[in-house]
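I have placed the structure first, in the form of structure tokens, so that the comments after it can refer back to it.
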Amino acid sequence: MIRTIISNELLTALLVIGLIIVAIGKAVAPKRFEDFLFVIENDKYLKIYSRDQKFIDAFDILLFINLILSLAVFCYQFIQTASNTVNLSNTILLKLSIGLACFILIKAFFERLIARVFNIEKLIDAYVFQKISYKYFLGILLLPVNAFILYAFKPSISVFYAIVILFILVNTVSFINFFKTHQTLLKNNLFYFILYLCALEIAPYVILYKVCF
């Protein structure tokens with residue numbers, strides 16, 4: 001079933017905006033961007049830039065915007081395929097973008113709050129920085145993935161599930177790497193870290209699943 005030209009034009013515009021945003025990020029911090037591209041292969045980026053985290057960082061903001069746009073386009077195409085519907089309302093993209101941005105920002109706020117309550121700010125700051133860096137990297141990977149899905153072929157729902165599983169595996173690798181790097185710090189705060197994982201890494205997604213399905 002062929003998709004409508006209007007939808008393709010809107011999705012194409014968002015893909016182009018994402019590319020422009022990534023290009024601006026590279027121009028703003030070329031050395032950091034170069035290190036960032038190898039964040040999964042080694043921990044050089046994490047060691048260097050986790051020490052210099054800022055509340056407002058242009059590089060992070062740009063990659064965050066690209067992440068939201070890329071996720072919104074991917075989710076839109078997923079819904080389109082799952083529902084077997086061609087003429088999805090374009091307002092769904094706006095709702096997806098706002099919903100994803102709010103979810104991530106609210107979750108980040110509670111992560112900082114609970115870290116302060118449990119007095120494990122140092123541990124959680126390192127964990128959140130590594131986790132969000134991997135997500136930003138996946139946001140960049142989604143650009144060619146979204147373009148391939150949009151223009152190369154009409155995928156089955158199993159293809160989307162395979163992509164989601166692949167991204168979950170990447171995030172799992174992130175957690176394993178974090179555990180290896182911060183074993184001593186984790187052992188000293190293991191109970192609070194487990195509470196943190198249950199409260200903010202499991203419960204929000206369970207609630208989100210229940211709300212959506």
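I'd like to know if segment 2-20 contains one or more residues that are within 30 Å of residue 196 (Cα to Cα), in contact with a helix residue (DSSP H, G or I) (Cβ under 9 Å, 6 or more places away or on another chain) and either polar (S, T, N, Q) or buried (at least 19 other Cβ atoms within 10 Å of the Cβ) (or both).
No: segment 2-20 contains no residue that is within 30 Å of residue 196 (Cα to Cα), in contact with a helix residue (DSSP H, G or I) (Cβ under 9 Å, 6 or more places away or on another chain) and either polar (S, T, N, Q) or buried (at least 19 other Cβ atoms within 10 Å of the Cβ) (or both).
So residue 161 clears everything in (1) of a type in the set (Phe, Trp, Tyr); (2) free of Cβ contacts under 8 Å to residues at least 24 places away in the same chain; (3) in contact with a helix residue (DSSP H, G or I) (Cβ under 8 Å, 6 or more places away or on another chain) except one condition, right? Which one?
Just one mismatch for residue 161, condition (3).
So in segment 27-71, with the set limited to residues that are among the polar types (S, T, N, Q) and out of contact with any Phe, Trp or Tyr (no Cβ under 9 Å at 6 or more places or on another chain), which one is surrounded by the most Cβ atoms within 10 Å (Cβ to Cβ)?
Our first condition is that a residue be among the polar types (S, T, N, Q); within segment 27-71, this holds for 42, 50, 53, 66, 70.
Checking the rest, the ones that are also out of contact with any Phe, Trp or Tyr (no Cβ under 9 Å at 6 or more places or on another chain) come to 42, 70.
Working: 42: 11, 70: 25.
Only one residue fits best here, namely 70.
Pairs under 7 Å by beta carbon, first residue at pLDDT 90 or above in segment 99-115, partner crowded, with 16+ Cβ neighbours inside 10 Å, six or more apart or different chains?
Filtered contacts from segment 99-115: 100/68; 100/71; 100/72; 101/68.
Residues that are closer than 26 Å to residue 45 by Cβ, surrounded by 13 or more Cβ atoms within 10 Å (Cβ to Cβ), at pLDDT 90 or above and among the aliphatic types (A, V, I, L, M): does segment 72-93 have at least one?
Yes - at least one qualifying residue is present in segment 72-93.
Got a sec? Which of 98, 68, 104, 114 is in a helix (DSSP H, G or I) and touching a Ser or Thr at 6+ places or on another chain (Cβ under 7 Å)?
After applying the criteria, what remains is 68.
Which of (1) surrounded by 12 or more Cβ atoms within 10 Å (Cβ to Cβ); (2) over 19 Å from the mean Cα position of the chain (by Cα); (3) touching a residue at least 24 places away in the same chain (Cβ under 8 Å) is the odd one out, the single condition residue 156 does not satisfy?
Residue 156 satisfies every listed condition except (1).
Taking segment 116-126 only, how many residues are in contact (Cβ under 8 Å) with a residue 60 or more places away in the chain and either touching an Asp or Glu at 6+ places or on another chain (Cβ under 7 Å) or under 16 Å from residue 178 (Cα atoms) (or both)?
Summing the residues that are in contact (Cβ under 8 Å) with a residue 60 or more places away in the chain and either touching an Asp or Glu at 6+ places or on another chain (Cβ under 7 Å) or under 16 Å from residue 178 (Cα atoms) (or both) in segment 116-126 gives 6.
Picking from 200, 143, 166, 150, which residue would you name as being within 30 Å of residue 14 (Cβ to Cβ), of a type outside the set (Lys, Arg) and either without any contact (Cβ under 8 Å) to a residue 60 or more places away in the chain or not in a helix (DSSP H, G or I) (or both)?
Details: 200 fails: either without any contact (Cβ under 8 Å) to a residue 60 or more places away in the chain or not in a helix (DSSP H, G or I) (or both); 143 fails: either without any contact (Cβ under 8 Å) to a residue 60 or more places away in the chain or not in a helix (DSSP H, G or I) (or both); 150 fails: either without any contact (Cβ under 8 Å) to a residue 60 or more places away in the chain or not in a helix (DSSP H, G or I) (or both).
Just a single option satisfies the conditions, and that option is 166.
Regarding segment 69-83, can at least one residue be identified that is more than 30 Å from residue 195 (Cβ to Cβ) and out of contact with any helix residue (DSSP H, G or I) (no Cβ under 9 Å at 6 or more places or on another chain)?
So far as segment 69-83 goes, yes, one or more of its residues are more than 30 Å from residue 195 (Cβ to Cβ) and out of contact with any helix residue (DSSP H, G or I) (no Cβ under 9 Å at 6 or more places or on another chain).
Residues in segment 102-111 that are farther than 15 Å from residue 202 by Cα and surrounded by 14 or more Cβ atoms within 10 Å (Cβ to Cβ): how many?
Of the residues in that region, 0 qualify.
The values are calculated or read from the model by the stated rules, or taken from the named source; none is laboratory data. Keep in mind that this is a model prediction, so the values were computed, not measured. Please note: Cβ atoms are built from the backbone with ideal geometry, for glycine as well, and neighbour counts cover all protein chains shown.
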